[in-house]
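Note sheet for the following structure.
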Amino acid sequence: PQGYAPSNGNNASLVLLVSLSTGQRVLLPGDMEKQVEQRVLTDFDKGLGTVDVLLMPHHGSKTSSTAAFVQKVRPKVVIAQTGYKNHYGFPKGEVVQRYHDVGSEVWDTALGAVSVSFEQGKLEVAQFSLPSQSKRADVQALLDKTPWYFSGL
């Protein structure tokens, strides 16, 4: 809303609900935390229902995916966008458990890229495995030598 200035930048994330012509829905919540989840829940209380696919808010941090949010949204598929051996330990175990408790399939990009397709109203999820540790090191060494690669972006 106009004039909204959260003290935490994560709560300035764009939250986008995509509704497909098939009736399937995808919720892209960015890094929203509990404060914004509560605001989003008021919209779901107005009859928005559940979602088919959810990108796990704030990568599975304990500051997001509150029990109330997970219970209301009840995604069929939830994807944690995390990095391999990320130092934050995302997604947090208790957050993953909340999604399991409502029957969600949980996917983690730390294990490889996740692809979701909505062909003819069917929801299909696939994961592409990461290369072996030695191949990963070879790729990283190549990227480190490449002038156009910016690891901080």
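Quick look at the numbers
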item: Residue list for region 17-71, restricted to those being polar (S, T, N, Q), part of a loop (DSSP other than H, G, I, E, B) and over 17 Å from Y88 (Cα atoms); result: S21, T22, Q24, T50, T66
item: Residue count for region 106-153, restricted to those that are assigned to a loop (DSSP other than H, G, I, E, B), open to solvent by 80 Å² or more (accessible area, probe 1.4 Å) and at pLDDT 80 or above; result: 1
item: Qualifying residue in region 63-70 (condition: surrounded by fewer than 20 Cβ atoms within 10 Å (Cβ to Cβ) and in contact with a strand residue (DSSP E or B) (Cβ under 7 Å, 6 or more places away or on another chain)); result: no
item: So S13, is it small (G, A, S) and touching an Asp or Glu at 6+ places or on another chain (Cβ under 8 Å); result: yes
item: Every residue from region 75-101 that is under 21 Å from S13 (Cα atoms), open to solvent by 40 Å² or more (accessible area, probe 1.4 Å) and not polar (S, T, N, Q); result: Y88, K92
item: Residue within region 45-58 that is among the small types (G, A, S) and under 16 Å from the mean Cα position of the chain (by Cα) present; result: no
item: Qualifying residue in region 46-55 (condition: farther than 21 Å from S104 by Cα and not aromatic (F, W, Y)); result: yes
item: Residue count for region 35-57, restricted to those that are modelled with pLDDT under 90 and open to solvent by 30 Å² or more (accessible area, probe 1.4 Å); result: 11
item: Residue satisfying condition, being at pLDDT 90 or above, of a type outside the set (D, E) and either under 17 Å from the mean Cα position of the chain (by Cα) or in a strand (DSSP E or B) (or both), within set G89, G103, G83; result: G103
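The values are calculated or read from the model by the stated rules, or taken from the named source; none is laboratory data. It should be emphasised that the depicted structure is a prediction, and the values quoted were computed from it without experimental measurement. Glycine also receives a Cβ, built like all others from the backbone with ideal geometry; neighbour counts cover every protein chain displayed. The protein model used for the area step is the full one, side chains on, heavy atoms only, and it has no ligands, DNA or RNA in it. Shrake-Rupley method; radii C 1.70, N 1.55, O 1.52, S 1.80 Å.
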